[in-house]
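Engineer: Here's a structure for you.
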Amino acid sequence: MTVESTAARKTTRRSSGTKRTASASTSTTKKTSTRAEAGPVEPELVQLLTPEGERVQHPDYDIDLSVEELRGLYRDMVLTRRFDAEATALQRQGELGLWASLLGQEAAQIGSGRALRDDDYVFPTYREHGVAWCRGVDPTNLLGMFRGVNNGGWDPNSNNFHLYTIVLGSQTLHATGYAMGIAKDGADSAVLAYFGDGASSQGDVNESFVFSAVYNAPVVFFCQNNQWAISEPIEKQTRVPLYQRARGFGFPGVRVDGNDVLACLAVTRSALERARRGEGPTLIEAFTYRMAAHTTSDDPTRYRRDAEREAWEAKDPILRLKAYLENEGHADAAFFEELEAESEALGKHVREVVRAMPVPDHMAMFDHTYADGHALVDEERAQFAAYQASFEGGEAE
């Protein structure tokens, strides 16, 4: 299974032998329903690697990585995409109840995830599979909840990576409170909170902005603006670029090319360092695109045009870094072949582990509701046991 989009593979690539200074681009304007036909308006953002794989400089953000680090970022994105593709296939085959794909958002997640220190703490939504990869969470542990066999599958404190949060925006409040706590403890670590453009309209997110600003909490808010809140386009969410909202709460905001892994790494690293120095929160808007459906229960063809998706395929985050690696001589055919084999092995491993996941004891859901038990829970347990016993064989399938 390939990890690259076929449409983006046709993109003509330019040589990246030397760096150049990025020119200023125009700000985003309000789009209409025919925005795909008219062509996208390029926003002003931080970019270090163009869609053609050309390295550029930015006056405020730059980064110097070794060849091995660059290859590592590419490997992270490829394997994350392969895992994501396998999870989507498993859902289509009936092995998972639901799946939220990260396709197209690999650079935003890997770049920001690799900016973290081990002692930093992450509060994700339900789509941060790439960040989980960076934190060392076994990818198969992400699938237990979507298969319905557990409530998360990993210990958050083992990797400083909180359980997935389905409720929109609530994790930003949890992140802010945690950040306020570590500040009181005198620690120099930071917190990274993820949410999407749709969640930016939630009250919880705005309340977290208020508290983090007032208490100078060491938290970085990382908004993956993938242009669509399910079927609602970004222009139905805000009249100004999302990163500019931070100004009204009293802390800085920055918009980064969410398909540029180098820029995401540089901007997030800078924001985390600022938080550790006691300078308060930062809002990062990663301007990216959700290439797949919102979840596997969604049909994006009902509300967005193919031309819009094709335009974003030309900005594929994996292809642009591959172009840079090839043009600079940092990776050869053997490297890409070995990685392709590794990705196929990962896909096979994921399939085998998911299909072998044990079915949990149906009565276990009553065991940890209260620490010391409760009469009402005991009554519900007995009723459910009787219901199960009413089926032939003693249990419902």
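Engineer: Over the range 266-397, with the other protein chains present, what is the accessible area per residue in square angstrom, probe 1.4 angstrom?
Structural biologist: Accessible surface, normalised per residue, equals 54 Å².
Engineer: Can you compute the equivalent ellipsoid semi-axes for the range 250-397, i.e. the square root of 5 times each eigenvalue of the Cα gyration tensor, sorted largest first and rounded to whole Å?
Structural biologist: They are 46, 27, 20 Å, listed largest first.
Engineer: Okay, next question. Would you mind calculating the gained length between F391 and E207 on full extension (0.36 nm times residue separation, minus the Cα-Cα distance), in nm to one decimal?
Structural biologist: 61.4 nm
Engineer: How much accessible area per residue does the range 139-212 have, counting only protein heavy atoms and a probe of 1.4 Å, in square angstrom?
Structural biologist: Details: 2930 Å² over 74 residues.
Here the per-residue accessible area is 40 Å².
Engineer: Now a separate question. Using label points projected 7 Å from each Cα along Cα→Cβ, tell me how many nm separate A314 and A89, to one decimal.
Structural biologist: Taking the two extended label points, one gets 3.0 nm.
Engineer: Same structure, new question: For K184 and D332 in one chain, what is 0.36 nm times their gap in residues minus the Cα-Cα distance, to one decimal in nm?
Structural biologist: Between K184 and D332, full extension yields 48.3 nm more.
Engineer: While we're looking at this one, here's another question. Evaluate the charge dipole of the range 55-355 about its Cα centre and quote only its size in Debye, nearest 20, assuming +1 on the Cβ of each Lys and Arg and -1 on the Cβ of each Asp and Glu. Can you show the working numbers first?
Structural biologist: Details: 32 positive and 44 negative charges, 174 e Å.
Value, rounded to 20: 840 debye.
Engineer: Could you state the number of Å between the C-alpha centres of the range 206-249 and the range 45-119?
Structural biologist: Rounded to whole Å, the Cα centres lie 21 Å apart.
Engineer: Of all accessible surface on the chain at a 1.4 Å probe, what whole percent is carbon and sulfur? Walk me through the numbers before you get to the answer.
Structural biologist: Working: 9000 of 18040 Å².
Of all accessible area on the chain, carbon and sulfur atoms account for 50 percent.
Engineer: With both bridge residues required to lie in the chain, what share of the DSSP beta bridges run antiparallel, to the nearest 5%?
Structural biologist: Of all bridge pairs located within the chain, approximately 10 percent are antiparallel.
Engineer: Starting from the Cα-Cα distance between R304 and A371, subtract it from 0.36 nm times their residue separation and give me the gain in nm to one decimal.
Structural biologist: Working: separation 67, 0.36 × 67 = 24.12 nm, distance 4.83 nm.
19.3 nm is the gain from fully extending R304 to A371.
Engineer: Sticking with this structure for a sec: Please report, for the Cα atoms of the chain, the Rg to one decimal and the Dmax as a whole number; what are they, in angstrom?
Structural biologist: Values for the chain (Cα only, Rg and Dmax): 22.1, 73 Å.
Engineer: Also: What trypsin sites (Lys or Arg not before Pro) does the range 215-287 have in DSSP loop regions with at most 14 other beta carbons within 10 Å? The partial results should precede the final answer.
Structural biologist: On the way: sites: K236, R239, R245, R247, R255, R269, R274, R276, R277; in loops: R239, R277.
In loop regions of the range 215-287 (DSSP not H, G, I, E or B), the sparsely surrounded trypsin sites (Lys or Arg not before Pro) are R239, R277.
The values are calculated or read from the model by the stated rules, or taken from the named source; none is laboratory data. This is a predicted model, so every value here is computed, not measured. Note that we place each Cβ from the backbone using ideal geometry, even for glycine, and neighbour counts take in every protein chain shown. Note: areas computed on protein heavy atoms with side chains; ligands, DNA, RNA excluded. Shrake-Rupley method; radii C 1.70, N 1.55, O 1.52, S 1.80 Å.
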